[in-house]
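The values are calculated or read from the model by the stated rules, or taken from the named source; none is laboratory data. Fair warning: this is a prediction, and the values are worked out from it, not measured in the lab. Reconstructed Cβ throughout: ideal geometry from the backbone, glycine too, with neighbour counts over all protein chains shown.
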Amino acid sequence: MQNLETEVIASSDYVGKYATQFITILVDYSPKLLTAFIILFVGLYAIRFINRMIRRIMISRNFDPTLSKFLADILLWVLRVLLFVTFIDQLGIGTSSFVAILGAMGLAVGLSLQGSLSNFAGGMLIILFKPFRVGDFIEAQGVSGTVLEIQIFVTKLTTTNNQTIFVPNGALSNGNIINYSLEGTRRADINFTVSYDSNLQEVKSILKTIIDTDPRILKEPAPAVVVTGLVDNGVTIAVRPWANRSDFWDVHSDVLERAKSQLYEAGIEIQPFVKEASVKPLQ
């Protein structure tokens with residue numbers, strides 16, 4: 001019984017000793033801990049304030065909205081990393097080893113995400129050199145649509161039938177891009193093939209009347225009606241009217257419709273497209 005009481009007293013002294021040491025360490029370390037958390041909270045508030053201020057400055061200077069968001073996001077994460085390094089340094093944790101580990105992690109992540117880094121670089125090139133902007137209608141990488149958003153890794157398009165397409169920026173920046181919205185006017189290339197028996201002057205007169213009486217077709221640059229080829233099934237005539245970008249598709253459709261109707265009324269035959277095929281005869 002006496003031995004048990006001695007062990008209890010010894011255990012109590014042992015716990016008390018370590019409790020005293022813990023309190024002593026906590027009291028000694030509390031200024032650093034308090035200072036570190038003050039730096040953390042003040043730093044987070046300062047980062048939000050700086051980020052909002054930078055965004056307002058870029059908006060007031062008429063920066064491109066996509067570029068403004070891109071630069072503000074990069075600045076935000078750089079400041080957060082610097083704040084985190086300052087926080088752990090204040091806690092007394094060695095930052096040199098942490099930076100070395102962070103560098104090794106960055107290298108590993110970079111090697112595993114080479115495609116994503118290529119898309120990141122492509123996004124920066126698109127934002128800086130601006131081959132297209134939000135709202136432009138473009139054709140690239142086998143797809144076409146209106147640009148909804150230029151993100152860091154992908155560009156978001158919407159097609160004419162309201163489908164959403166995400167195109168990787170790496171491929172987009174390294175390929176051919178057709179921007180239909182860059183110029184204010186566009187020329188339609190509309191081809192008709194008529195019979196060899198047709199009076200070409202009459203055909204050209206009908207087509208010229210169609211484009212001359214459409215107020216949406218521009219006088220400058222001047223439209224043209226020209227013979228462009230002699231093919232197996234007839235004579236090819238091209239109609240080339242110019243129109244403002246907003247009127248282009250309506251003009252294209254109306255010229256096709258009116259030309260078909262008026263050539264038919266004049267007794268001029270529009271030749272169908274004929275595709276030759278080789279057929280193996282039956283044995």
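The single residue among G229, G175, G234 that is exposed (fewer than 13 other Cβ atoms within 10 Å of the Cβ) and more than 30 Å from G122 (Cα to Cα) turns out to be G229. V255 meets the conditions (1) buried (at least 17 other Cβ atoms within 10 Å of the Cβ); (2) in contact with a Lys or Arg (Cβ under 8 Å, 6 or more places away or on another chain) in every case but one. The failed one is (2).
Considered as a group, the residues in the range 213-257 that are within 36 Å of the chain's Cα centre (by Cα) and of a type in the set (S, T, Y) include one that is nearest to Y196 (Cα to Cα), and that residue is S253.
Candidates F22, F49: the one that is modelled with pLDDT of 80 or more, assigned to a helix (DSSP H, G or I) and loosely packed, with under 11 Cβ neighbours inside 10 Å is F49. Taking first residues from the range 128-151 that are closer than 12 Å to N176 by Cβ and outside the structural domain of F166 (by TED's automatic domain parsing) and partners that are surrounded by fewer than 17 Cβ atoms within 10 Å (Cβ to Cβ) and of a type outside the set (A, V, I, L, M), no Cβ contact under 9 Å between residues at least 6 apart in sequence or on separate chains turns up. Pick from the range 258-283 the residues that are at pLDDT 85 or above and basic (K, R): which of them is nearest to V194 (Cα to Cα)? Here the residue is K260. Here K156 qualifies as without any contact (Cβ under 8 Å) to a residue 12 or more places away in the chain and surrounded by 13 or more Cβ atoms within 10 Å (Cβ to Cβ). Please work out which residue is modelled with the lowest pLDDT, limiting yourself to the range 35-45 and to residues that are of a type in the set (A, V, I, L, M) and surrounded by 13 or more Cβ atoms within 10 Å (Cβ to Cβ). Result: A36.
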